[in-house]
1. Tell me yes or no: at least one residue of region 56-64 is among the aromatic types (Phe, Trp, Tyr) and within 19 Å of Ala137 (Cβ to Cβ).
2. Can you find a residue in region 256-269 that is assigned to a helix (DSSP H, G or I), among the small types (Gly, Ala, Ser) and closer than 27 Å to Lys307 by Cβ?
3. Can you confirm whether region 275-289 contains a residue that is at pLDDT below 95, farther than 30 Å from Ser30 by Cα and surrounded by fewer than 20 Cβ atoms within 10 Å (Cβ to Cβ)?
4. Looking at region 118-146, which of the residues that are aromatic (Phe, Trp, Tyr) and not in a helix (DSSP H, G or I) is farthest from the chain's Cα centre (by Cα)?
5. Name the residue, out of Val64, Val37, Val101, Val87, that is in contact with a strand residue (DSSP E or B) (Cβ under 6 Å, 6 or more places away or on another chain), surrounded by 13 or more Cβ atoms within 10 Å (Cβ to Cβ), under 24 Å from Gly207 (Cβ atoms) and not polar (S, T, N, Q).
6. Given the structure, is Gln175 surrounded by fewer than 18 Cβ atoms within 10 Å (Cβ to Cβ) and under 28 Å from the mean Cα position of the chain (by Cα)?
7. Looking at region 1-29, I want the residues that are in the same structural domain as Gly97 (by TED's automatic domain parsing) and more than 21 Å from Ser94 (Cα to Cα) and have a partner that is part of a loop (DSSP other than H, G, I, E, B) and of a type outside the set (Lys, Arg) with Cβ atoms under 8 Å, at least 6 apart or on another chain. Which pairs are those?
8. Hey, can you tell me all the residues within region 290-299 that are surrounded by fewer than 20 Cβ atoms within 10 Å (Cβ to Cβ) and either closer than 21 Å to Val244 by Cα or under 19 Å from the mean Cα position of the chain (by Cα) (or both)?
Amino acid sequence: MNIFRYYQSGDEKEIVQLWNECLPKDPITSVRFRNFVLLDGNFDPKGMRLAFHDDTLIGCVYAVRRLLPMFGVDLEPDNGWIPFFFVKKEFRRSNVGAALVGEAVDFLASEGRKNVFFASYAPNYILPGIDEETYPAGFQFLQKLGFEKLYSPVAMDRNLIGFEIPTEVAELKKQREIEGYTFSSADDKDLYEVIQFANTKFNPDWGRAIREGILQGLPLHRIFVAREGSKLVGFCIYGGYEGVADRFGPFGVDPEQQGKGLGKIMLHVCLQAMRVEGLHGAWFLWTSEKTSAGHLYKKTGFEVTRKFHVMRKII
C-alpha cells in the first residue's frame, strides 16, 4: 500500500538518496539540497509531497510559491513552481508520479496560484526546465499532465585551453577606451550600483546572485564593470553561483549601449581572467539561443551542451 504525505523533519536523507538513484545524470549532495530547498525562504513543507511503499520512499515532488519577494514587494501571487520530481524506477507508470504532481498542483491552487511552471523557479532552480534528451519520459509525463512548452533555453560550455583575446577585440577595447569607456574589476564602491543595475535593467535574480555570491566569498576580482565616464553600462561575473569558479555569469550590458561591442569586450575580458586563474572551461545553464547574447556566445566559441523546456500548466 502506498502512503502519501508531505515532508517531515528527517526525510531529507532518503530524499537525497532517491534523487541520486533516479537522476544519476544530475546528482545532488545533502549540502546542496539543504541550501536549495530547506534554507530557501520560500520553503513550505506542505509543498514537498512524498510517496512511501512499506516505509520506503518511492517518489517526491516539490512545489513552491513565493513567500518573500525577489525584488520590491512582488510576490507573483498568480504563480507557483515545481522545480523537481522523481519516482523510483519500479514504481513508474503506476500512477504514483501523477498522484504526487496532482497533490502539488492542488497545494498551489489552494494558495491561489493560477500558473504552475516547471522548472523556472528563482532563486533556487536546479535546472531551467526539463531536458527532453536526457529525460524523454519526464517530458512526456509533464505533457500528459497538461503542461505545455513555453520556451527552450540552452546551456553552453567553452573550452578555455589556449584561450587568448583576439587582436580585433583588443583593438576594439582600445578604441572604446579612447572614447571614454573603462573596463575594470569591481571595488566596494561599485557594488550597490552593480546590484541595482542588475535588478532594474535585467532580472532581480541577477542582483540577488551578485549580493549572495559576495556574502559567500565571491572575490571582487571575479566581477568586472564597464563604465562610460562615471555611468555604469555593463557587468560580467564568474564564480558567483555556489562558489563554482568555472560557472560564468550573470552578464549584462545596458540595452541602450548595444551595437558598440561592449558585450564582446566584457565577455573576452572575463574569459581571459578565468584562463589566467587556471580554469580550463566556462559554462552556464541558461540563455536563449536565438538572442543577441546567444549569438555572441556562439561567435566566442561556446557550444550548446543541453537544451531545456520551460513548461506551464494553467490551473
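1. yes
2. Yes, region 256-269 contains at least one residue that is assigned to a helix (DSSP H, G or I), among the small types (Gly, Ala, Ser) and closer than 27 Å to Lys307 by Cβ.
3. Scanning region 275-289, I find at least one residue that is at pLDDT below 95, farther than 30 Å from Ser30 by Cα and surrounded by fewer than 20 Cβ atoms within 10 Å (Cβ to Cβ), so the answer is yes.
4. Out of the qualifying residues, it is Tyr135.
5. Val64
6. In short, no.
7. Pairs that qualify, where the first residue is in the same structural domain as Gly97 (by TED's automatic domain parsing) and more than 21 Å from Ser94 (Cα to Cα) and the partner is part of a loop (DSSP other than H, G, I, E, B) and of a type outside the set (Lys, Arg), are Val16/Ile28; Val16/Thr29; Lys25/Thr134; Asp26/Ile126; Asp26/Leu127; Asp26/Thr134; Ile28/Ile126.
8. Passing the criteria: Lys290, Thr291, Ala293, Gly294.
The values are calculated or read from the model by the stated rules, or taken from the named source; none is laboratory data. Quick caveat: nothing in here was measured; it's all calculated off a predicted structure. Cβ coordinates were reconstructed from backbone atoms using ideal geometry, including for glycine residues, and neighbour counts include every protein chain displayed.
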